[in-house]
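In what follows, a structure is listed as structure tokens, so that the remarks can point back to it.
The values are calculated or read from the model by the stated rules, or taken from the named source; none is laboratory data. This one's a predicted model, so the numbers in the text were calculated from it and none came from an experiment. Here the Cβ is made from the backbone with ideal geometry for all residues, glycine too, and neighbour counts use every protein chain on show. Keep in mind that these areas ignore ligands, DNA and RNA; they rest on the heavy atoms of the full protein, side chains included. Shrake-Rupley method; radii C 1.70, N 1.55, O 1.52, S 1.80 Å.
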Amino acid sequence: MPDEPAGARRAPYPGSGLDAALLPTFTAEPGVMPGDRLPEHELAPDVAHQLVHDELMLDGNARLNLATFVTTWMEPQAAALMADCADKNMIDKDEYPRTAELERRCTRMLADLWHAPDAATAPGCSTAGSSEACMLAGLALKRRWAARVGPGSGRRPNLVMGADVQVCWDKFANYFEVEPRIVPMRGERYHLDAEQAAAHVDEDTIGVVAILGSTFDGSYEPIADICAALDDVAARGGPDVPVHVDGASGAMIAPFLDPELVWDFRLPRVASINTSGHKYGLVYPGLGWVAWRDTPALPDELVYRVNYLGDEVATFTLNFSRPGAQVAAQYYQFLRLGRDGYTRVQQHCRDVAGRLADGLAASGCFRLLTRGTELPVVAATLDPAITHYSVFDVSAGLREHGWQVPAYTFPPELEDLAVLRFVVRNGLTHSLADQLLADLQRVLARLDRQPGPMRDATDSSFSHTGAPSPR
Ligand SMILES: Cc1ncc(COP(=O)(O)O)c(C=O)c1O
């Protein structure tokens, strides 16, 4: 079928002699929305805007999306600032030196927040998100290993990580030809522990990835213990393996809510840390950050240098062009909130997560894996006594009330474990959480009359990979 049926649709516009501005908006719509071919003719901007806007009405409400860690609300002033900077390309450091300066300030502030020995000189940069940041950190680890074993060794590098890693680490291993040495989850252990990390390293291990805030349940991996176990391996003459901390979410939670927890550059074994500016950094997507503890942690041959303002700036990115607006918005948040403000916002999220956890526990229908005491994330499985509906039924029921709460199974070896996960972000208030719990009660009451489960993992479109199986 042609995109544009001949005749009727275009009668008044263009070529009708009528000014497009006189046409009632919806009478100017194309008969069929173009999908495969660029349309032949123009539309008036108001009409095009309305049509695209209307198509997007069918997306879920971002504020009710409890599947994502990514920011869905910013203050109007921040949104205005982002609109002001929409035309700035982050790579044009010469042309937009103030944007480049804001990036430098944010990088230094993060290195300082994460206790780099010398935050002023610690290398770091902004990225499109944590995925790009993890690729860069992984590449630095791989180059350090290659320098250690020497050229043409024919040896195969490996990266040790828990089965709870986010898909970006599978991608890193795949794209950059590193063996992903994945430590399976077992029993009640849902993430990497020190003993298993140490047991899996060898002379070809480029690094261990430790996650501050598992995507699966929001729990922190025991980073200090993992480092201590690796210290022990090295002290006994084994390999000296650096650690990368994937703090996509937790690196912007722990510094404010758990200042006594030692997980960052205070541990000499931690070589690099990433975070998503667009998660608990509180900026709209897409922004990530990566910092190295010092210049030796980032091999020089990976770094490109540009000159701006008479100064040499090191760049290390996969992309060339990238939006500058997110960086300006990150600096706005740092300036606007400071340590106090971040602490208040993240504590509020943790409190709301605690309220959700209490409500879920009080329903008597769930066993809680996490209660939002680390990342503000609550993961819950059904009480074993409940056999007549599934977490996938609960997720679908909540969707009928507008809430998007993902249900998914855990990785291999624990794939019988199916959970619901509630991610609390800035903007999910106590009153919205109460509304969610009230809707959940209605869903559970209806599901109680159901004879047996109606949905399983194959009915869930949510996945940690974008592919059918999680991770
Ligand atoms: C632990 C962890 N690492 C990496 C990522 C990838 O982050 P991004 O979406 O910023 O690329 C995520 C995303 O949820 C994550 O949770």
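With label points built 7 Å along Cα→Cβ from the Cα atoms of residue 234 and residue 335, find their separation and express it in nm.
4.0
Over 25 Å between Cα atoms: which of 88/142; 88/279; 142/171 fall into that group?
Flagged as over cut-off: 88/142.
Using Cα-Cα distances under 8 Å and only pairs 6 or more residues apart, what relative contact order does region 77-333 have, in percent? Numbers along the way, then the final one.
Numbers: 500 pairs, mean separation 76.1, N = 257.
In percent, rounded to a whole number, it is 30.
With every protein chain kept in place and ligands, DNA and RNA left out, what is the accessible area per residue of the chain? Probe 1.4 Å, answer in Å².
Numbers: 21400 Å² over 471 residues.
Value returned for the chain: 45 Å² of accessible area per residue.
Beta carbons within 10 angstrom, averaged per residue: use that to sort the peptides 44-57, 179-192, highest first.
The packing order, highest mean first, is 179-192, 44-57.
With a bin width of 20 angstrom, please list the P(r) values of the chain as percents of all Cα-Cα pairs, from the 0 bin to the one holding the largest distance.
22, 49, 26, 3, 0
Give the cross-link partners of residue 93 among the aspartates and glutamates, using a straight C-alpha distance below 18 Å as the criterion and excluding same-chain residues fewer than 8 apart.
Of all the aspartates and glutamates, those that pass the test against residue 93 - Cα under 18 Å, at least 8 places apart if same chain - are 84, 101, 103, 311, 312.
What whole-number volume per residue, in cubic angstrom, does the convex hull of the C-alpha atoms of region 77-333 give?
Normalising the Cα hull of region 77-333 by residue number yields 124 Å³.
Mind giving me the FRET efficiency for residue 29 and residue 59? R0 is 30 Å, r the Cβ-Cβ distance, nearest 0.05 is fine.
Working from the Cβ atoms, E equals 0.95.
Would you list the membrane-span-like helices of the chain, meaning whole DSSP H runs whose alpha-carbon atoms span at least 15 Å along their axis and whose mean Kyte-Doolittle value is at least -0.5? Don't jump to the answer; show the numbers that get you there.
Details: long enough: 45-56 (16 Å, -0.35); 97-113 (24 Å, -0.71); 130-149 (28 Å, 0.26); 223-235 (18 Å, 1.38); 325-363 (44 Å, -0.38); 430-447 (25 Å, 0.30).
Going by DSSP H runs, the hits are 45-56, 130-149, 223-235, 325-363, 430-447.
So what's the projected area for region 272-399, the Cα convex hull averaged over all directions, in nm²?
Values: hull surface 48.9 nm².
Directional mean of the projected Cα hull area for region 272-399 stands at 12.2 nm².
Please compute the modelled spin-label separation between residue 432 and residue 149, points set 7 Å along Cα→Cβ, answer in nm with one decimal.
The modelled label-to-label distance comes out at 4.8 nm.
Grab the beta carbon distance between residue 87 and residue 49, set R0 = 22 Å, and tell me the FRET efficiency rounded to 0.05.
Efficiency for this residue pair is about 0.75.
Taking 0.36 nm per intervening residue step and subtracting the Cα-Cα distance, what contour gain separates residue 75 from residue 105 on full extension? Display every interim value, and only then the final one.
Numbers: separation 30, 0.36 × 30 = 10.80 nm, distance 2.13 nm.
Between residue 75 and residue 105, full extension yields an extra 8.7 nm.
Give me the percent of the accessible area of the chain that comes from carbon and sulfur atoms, probe 1.4 Å, all protein chains in place.
Result for the chain: 52 percent of the exposed heavy-atom area is carbon or sulfur.
Where a ≥ b ≥ c are the square roots of the eigenvalues of the C-alpha gyration tensor, would you call region 39-82 rounded, which needs a/c under 1.5, or, failing that, prolate if a/b is larger than b/c, or oblate?
It is oblate, given that a/c is not under 1.5 and a/b is not larger than b/c.
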